[in-house]
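Visitor: Sharing a structure below in C-alpha cells format, with a few things to ask.
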Amino acid sequence: MNRRLFVAAAMGVALACAPAKREPEFDFGEAKEKYPMRGEVLRLRPEGRIAVIKHEDIEGWMKAMTMDFPVPDAKEYAKLKEGMTIRATVLRNDFHYWLTEIQPEP
C-alpha cells in the first residue's frame, strides 16, 4: 500500500512541476523596412508561432528560398494552414524579421 501512495505522490509532484504551456513572447522592436511577400506555407510550428514558408523573391531584400518566419500576432498566425499560398508583409529591423498582414490566396 505504501508503494502505491508513493507512486501517486511522485506523479502528483511531477505534474505540478511540469512547465505550463505559454504563449511565445515577441519583442522585435520597431520595424525599419517592410516588403511584400508571396509564398507557400510548408510547415507550422505553433510552439514558437513560426511558419516555414517557401517564398518567391522578396524585392529589395532576398532571392526566393525557404525559411522560418515568426508571426507575433496570434490572430495572424491562426490564418495559416500548411499547403496554402499566402501574401503577407515582412517587417524587418536591424536584428529581426517577422510576418504581418497575412492574406490567404484562393
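Visitor: Based on the Cβ-Cβ distance from residue 34 to residue 66, what FRET efficiency comes out when R0 is 25 Å, to the nearest 0.05? Numbers along the way, then the final one.
Guide: Working: r = 21 Å, r/R0 = 0.84.
Efficiency for this residue pair is about 0.75.
Visitor: Next up: With θ set to phi - 60° and the Karplus curve 6.51 cos²θ - 1.76 cosθ + 1.60, what are the ³J(HN,Hα) couplings of region 33-45 in order, to the nearest whole Hz, using x for Gly and Pro?
Guide: Values, residue by residue: 9, 9, 9, x, 9, 10, x, 10, 7, 8, 8, 10, 10 Hz.
Visitor: Can you work out the accessible area per residue across region 38-106, with the rest of the protein chains kept in place, probe 1.4 Å, in square angstrom?
Guide: Working: 3990 Å² over 69 residues.
Accessible surface, normalised per residue, equals 58 Å².
The values are calculated or read from the model by the stated rules, or taken from the named source; none is laboratory data. Computed from a prediction, not measured in an experiment: that's the story for all the values here. So basically every Cβ, Gly included, is an ideal-geometry build from the backbone, and we count neighbours across all protein chains shown. Heads up: the accessible areas ignore ligands, DNA and RNA and are worked out on the full protein's heavy atoms, side chains in. Shrake-Rupley method; radii C 1.70, N 1.55, O 1.52, S 1.80 Å.
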